[in-house]
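The values are calculated or read from the model by the stated rules, or taken from the named source; none is laboratory data. Being a predicted model, the structure only gives us computed values, none of them experimental. Here Cβ is always computed from backbone atoms with ideal geometry, including for glycine, and neighbour counts include all displayed protein chains.
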Amino acid sequence: MTVIAVFGSAFNPPHLGHMDVVRQCLSHVDQVLIVPSARHPFGKKWPLLTSA
């Protein structure tokens, strides 16, 4: 059976801490689904990053 973790965050901006969470999860599960959120969980209103 494949074990999958779901990692949701605003990722705004993405940083090394996010990657560390993914690496730690991968030591316990087979896959990590990364789910970006357009809303900050504490109601902060930040402009979304645009692609270059």
What is the one condition in (1) more than 9 Å from the chain's Cα centre (by Cα); (2) modelled with pLDDT under 90 that Val32 does not satisfy?
(2)
Mind checking which residues of segment 1-40 are loosely packed, with under 11 Cβ neighbours inside 10 Å and among the hydroxyl-bearing types (Ser, Thr, Tyr)?
Thr2, Ser27
